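To start, the structure under review is shown below, and the notes come after it.
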Amino acid sequence: MKVALYFGSFNPIHVGHLALANYLCEFGGVDELWFVVSPRNPFKQQADLMDDDLRLQLVRLAIADYPKFQACDVEFSLPRPSYTYHTLLKLRELYPEYEFHLLMGADNWPNLRNWYQGERIMSDYPIIVYPRPGYPMEIDDLPANVFFVDAPQFDVSSTFIRESLAAGKDVRFFLHPLVWAALTH
């Protein structure tokens, strides 16, 4: 089974995350997509993150009615900060029967070589790259195990959602209804 791993803080999960994930499951050649909720990303400030368990719960609420999505909390039991390479090794150990594909945006692709064990990730795992606004891709020069999927682009961010909620804005249509309800009640 091909499983795309969508790493992120999901701070909070929003319709852009869900639409991309849905597109990959229906049109991108993967059987499932796992939302790997990162308790602490080495590139983000901890103070900017909502509570770990809340972010995981919001992901579970948002994906509950779609069987091709799974919430993955494996990084909650790994040393922090979370490094993708360690998570990939742990998932391979726990689920040797699955073929894991790393999902990343075109904004992160140029920096993968700078990640912890980035070269090993590139050599050991198939990578799916999706478009991001403002980050053009040269798809003709991609390595053999890197696949570009021309998914629809949604220029919405979790930062926008958090700032809008803090300002008292009604951004319910940027969130799954259950996530909206959990954040506003």
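Since every read-out is calculated from the coordinates, none of them should be taken as a lab result. Keep in mind the model is a prediction, meaning the values are calculated, not measured. For neighbour counting, all protein chains shown are included, and Cβ atoms are generated from backbone atoms with ideal geometry for every residue, glycine included.
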Where Cα atoms sit under 26 Å apart: lysine pairs in the chain separated by 8 or more or lying on different chains
5
Could you pull out the GluC sites (Glu not before Pro) across the range 89-166 that fall in loop regions by DSSP (anything but H, G, I, E, B) with no more than 14 other Cβ atoms inside 10 Å?
GLU97, GLU138
How high is the FRET efficiency from TYR66 to LYS2, r the C-beta distance, R0 25 Å, rounded to 0.05?
0.90
Gaussian network model of the chain, Cα within-10 Å springs - most flexible of PHE100, PHE27, PHE174:
PHE27
When only Cα pairs under 8 Å and 6 or more residues apart are kept, what is the percent relative contact order across the chain?
27
Just going by the charge dipole of the range 2-184, with Lys and Arg at +1 and Asp and Glu at -1 on Cβ, which of PRO143, TRP180, TYR85 is farthest out on the positive end?
TRP180
Among residues other than ILE161 whose Cβ falls under 14 Å from its Cβ, what is the net charge (Lys/Arg +1, Asp/Glu -1)?
0
Return the whole-Å distance between the Cα centroid of the range 133-185 and the Cα centroid of the range 65-126.
19
